[in-house]
Ligand code: SF4
Ligand code: SF4
Ligand code: FES
């Protein structure tokens with residue numbers, strides 16, 4: 001069965017393809033269904049139950065993120081029954097998502113999809129519960145923080161770690177009300193196979209996984225500026241989060257928007273301290289007669305380099321020179337480097353580090 005077919009979505013006819021979920025079709029049709037455990041990069045888990053919809057002929061409501069469409073299916077995404085379900089569900093989540101006496105800040109560095117959706121859907125006010133979940137207080141890794149009080153066990157972080165990173169450093173551990181996000185032997189992340197990609201932070205819908213370095217900075221005060229990571233030539237896009245004129249966090253743009261599809265490596269994500277480091281080179285430096293490096297203008301520095309290269313060529317010939325460029329440069333910059341080597345200095349001794 002590979003032919004496209006028709007289903008009914010809130011009374012209107014929509015085209016659908018075999019293998020698509022109700023959520024796929026709804027997204028294409030502009031019908032909004034709340035989700036928490038859904039991440040388009042991951043296999044559906046149907047874990048959070050926020051996306052339940054009514055399907056004609058099915059006694060129970062079904063998770064739109066995991067339920068595959070069938071020809072002639074009749075789906076309702078908004079009804080009194082669905083409203084009632086969401087109010088209770090968000091009420092239960094919020095009862096187990098305490099921010100007051102747990103000593104947690106009103107808002108940490110991550111967006112909190114749960115609280116936004118709970119407010120939008122009118123969560124029932126239920127008495128707080130005191131879950132026995134625990135984190136890993138002895139985990140001294142400097143980057144990733146886990147707050148069990150904010151976790152709804154949607155398993156996005158563990159599925160990301162497993163399905164996207166293929167690392168499986170974290171997993172659901174313990175049982176019943178004590179179920180939590182753990183590691184083998186409750187080890188700190190630095191003692192596991194964790195690659196510190198930070199993808200678990202970006203995918204977490206509640207702020208339970210956050211970056212330690214920017215913890216406590218209100219999300220609303222962060223300004224995101226899209227940029228290109230300069231650690232290698234892949235060209236991953238990053239959202240530099242700025243607070244008080246300083247980069248305090250790096251996040252990936254959402255999946256599907258950029259070449260890196262919501263992913264980053266440890267360098268792109270966490271190695272941003274150099275931006276404001278006091279020893280960072282910000283102007284060209286030229287060695288003087290005294291043997292020391294001195295600040296110089298670009299014109300002076302380029303002139304000095306050109307004079308040196310020309311002097312070598314005059315004395316030993318062009319093939320005494322070699323030009324090595326970097327995968328951290330753009331394609332255009334690499335092109336110009338080989339042009340400089342071949343056309344300006346007359347040697348084919350040019351190389352780029354990624355070519356080895
Ligand atoms: S940082 Fe990456 S590798 Fe480490 S636990 Fe999170 S998702 Fe897994
Ligand atoms: S830490 Fe976040 S992503 Fe992981 S299970 Fe808890 S709420 Fe979901
Ligand atoms: S988003 Fe569908 S069950 Fe969580």
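The values are calculated or read from the model by the stated rules, or taken from the named source; none is laboratory data. Just so you know, these numbers come straight off a predicted model, no measurement behind them. Every residue, glycine among them, receives a Cβ derived from its backbone with ideal geometry; neighbour counts consider all protein chains shown.
Per the listing 222, 240, the residue uniquely away from ligand 2 (no atom under 16 Å from the Cβ) and modelled with pLDDT of 95 or more is 240.
Note on the stretch 128-167: residues that are more than 14 Å from ligand 2 (Cβ to nearest atom) and farther than 24 Å from residue 117 by Cβ amount to 9. Taking every residue in the stretch 321-336 that is surrounded by 13 or more Cβ atoms within 10 Å (Cβ to Cβ) and pairing it with any residue that is in a loop (DSSP other than H, G, I, E, B) and modelled with pLDDT under 95, at least 6 positions away or on another chain, the pairs with Cβ-Cβ distances below 6 Å are 327/232; 327/233; 328/230.
Considering every residue within the stretch 150-158, establish whether at least one is away from ligand 3 (no atom under 16 Å from the Cβ) and either surrounded by fewer than 19 Cβ atoms within 10 Å (Cβ to Cβ) or without any contact (Cβ under 8 Å) to a residue 40 or more places away in the chain (or both). Within the stretch 150-158, not a single residue is away from ligand 3 (no atom under 16 Å from the Cβ) and either surrounded by fewer than 19 Cβ atoms within 10 Å (Cβ to Cβ) or without any contact (Cβ under 8 Å) to a residue 40 or more places away in the chain (or both). Residues being modelled with pLDDT of 90 or more and on the phi > 0 side of the Ramachandran plot are represented in the stretch 196-206 by at least one member. Exactly one residue out of 77, 35, 21 is out of contact with any strand residue (DSSP E or B) (no Cβ under 8 Å at 6 or more places or on another chain) and either surrounded by 13 or more Cβ atoms within 10 Å (Cβ to Cβ) or within 30 Å of residue 261 (Cα to Cα) (or both), and it is 35.
Between 70, 41, 59, 81, the distinction of being farther than 22 Å from residue 123 by Cβ, touching a residue at least 12 places away in the same chain (Cβ under 8 Å) and away from ligand 3 (no atom under 14 Å from the Cβ) belongs to 70 only. Of all the residues in the stretch 197-231, those that are in a helix (DSSP H, G or I), in contact with a strand residue (DSSP E or B) (Cβ under 9 Å, 6 or more places away or on another chain) and over 21 Å from residue 160 (Cβ atoms) number 1. Summed over the stretch 263-285, residues that are touching a residue at least 12 places away in the same chain (Cβ under 8 Å) and over 22 Å from residue 142 (Cα atoms) total 3.
So which residues in the stretch 47-61 are out of contact with any helix residue (DSSP H, G or I) (no Cβ under 7 Å at 6 or more places or on another chain), surrounded by 16 or more Cβ atoms within 10 Å (Cβ to Cβ) and more than 16 Å from residue 31 (Cα to Cα)?
Going residue by residue through the stretch 47-61, those that are out of contact with any helix residue (DSSP H, G or I) (no Cβ under 7 Å at 6 or more places or on another chain) are 47-48, 55-60.
From the residues that got through so far, the ones that are surrounded by 16 or more Cβ atoms within 10 Å (Cβ to Cβ) too are 47-48, 55.
Passing the criteria: 47, 48.
When 31, 25 are checked against the criterion of being within 13 Å of residue 64 (Cβ to Cβ), assigned to a loop (DSSP other than H, G, I, E, B), in the same structural domain as residue 71 (by TED's automatic domain parsing) and more than 10 Å from ligand 3 (Cβ to nearest atom), 31 stands alone in meeting it. Exactly one residue out of 247, 259 is modelled with pLDDT of 95 or more, in the same structural domain as residue 231 (by TED's automatic domain parsing) and not in a helix (DSSP H, G or I), and it is 247.
Residues that are farther than 19 Å from residue 89 by Cβ and within 24 Å of the chain's Cα centre (by Cα) occur in the stretch 25-37; there is at least one. Of the residues screened, residue 190 is one that is farther than 30 Å from residue 128 by Cβ, at pLDDT 95 or above and in a helix (DSSP H, G or I).
Applying a threshold of 6 Å to beta carbon distances and a minimum spacing of six or more residues, or different chains, the list of pairs starting in the stretch 184-196 at a residue that is closer than 18 Å to residue 267 by Cβ and ending at one that is in a helix (DSSP H, G or I) and more than 16 Å from ligand 3 (Cβ to nearest atom) reads 196/266.
The residues of the stretch 189-199 that are out of contact with any helix residue (DSSP H, G or I) (no Cβ under 7 Å at 6 or more places or on another chain) and buried (at least 16 other Cβ atoms within 10 Å of the Cβ), listed by number, are 189, 194.
Filter the stretch 262-280 down to the residues that are over 10 Å from the mean Cα position of the chain (by Cα) and not in a loop (DSSP other than H, G, I, E, B), then identify the one that is farthest from residue 156 (Cα to Cα).
276
Among the residues of the stretch 139-172, those that are within 14 Å of residue 183 (Cα to Cα) and part of a loop (DSSP other than H, G, I, E, B) comprise 139, 140, 141, 155, 167, 168, 169, 170. Of the residues making up the stretch 132-140, at least one is away from ligand 1 (no atom under 14 Å from the Cβ), under 30 Å from residue 82 (Cβ atoms) and over 24 Å from the mean Cα position of the chain (by Cα).
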